1. Taking each pair of different alpha-carbon atoms in the stretch 86-165 once, compute 1/r for the pair, average those values, and report the inverse of that mean as the Kirkwood hydrodynamic radius in Å to one decimal.
2. With 10 angstrom as the radius, rank 123, 152, 109 by how many other C-beta atoms surround their C-beta, starting from the fewest.
3. At what distance in angstrom do the alpha carbon centres of the stretch 81-121 and the stretch 13-37 lie from each other?
4. On full extension of the chain, what length is gained from residue 109 through residue 182, given 0.36 nm per residue of separation minus the C-alpha to C-alpha distance?
5. If I stretch the segment between residue 170 and residue 18 completely, what's the gain in nm (0.36 nm per residue apart, minus their alpha carbon distance), one decimal?
């Protein structure tokens, strides 16, 4: 619930703590959202955290996108739609993200279908360099972000999204921060740094900031 730039710094600190400096290669997976690539560029240009990172679009999100124009034009249940989606996903897996975009650009449609077509043509054209899933697999990269999303769900969702749970923003942030500290096995280190005379629990920001090395 903090600005992307602040989150980006926390992520960079955590990555360095886990040995990023000695990594031979680094990947930044994302769902195609511009803010993720903006952070990667910020890290590379301003902070130098991930200067040679490979930016990859998650296979699931990319696969969903290649089906959108067909569903909008022909309908989600049409046999032709299913066949077209399967064919384009095969091309995506082969690293041919620009081919579906070229095919879509020739489709004649109007209204919402035309808007959806144009959106996906632009997306595939802009993201093609991040959809080389054939090369990623050959290099041993993960081509999905499911492990990241699953970790987020395990870390905070399972704790804060239970039946009947209601949270203030401050409360949710504090619990999430505490979960991060516990999961990283830094709880004793955190409390050792707290003033002994203080009986108040540290805020969400302090929970994370007090465990950051400055580099």
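1. Hydrodynamic radius (Kirkwood, Cα only) of the stretch 86-165 equals 15.2 Å.
2. 152, 109, 123
3. 30 Å
4. In short, 20.9 nm is gained.
5. Length gained, residue 170 through residue 18: 51.9 nm.
Where a number appears in this text, it was derived from the coordinates with a stated rule and is not lab data. Quick caveat, the model's predicted, so the values are computed rather than measured. Please note: Cβ atoms are built from the backbone with ideal geometry, for glycine as well, and neighbour counts cover all protein chains shown.
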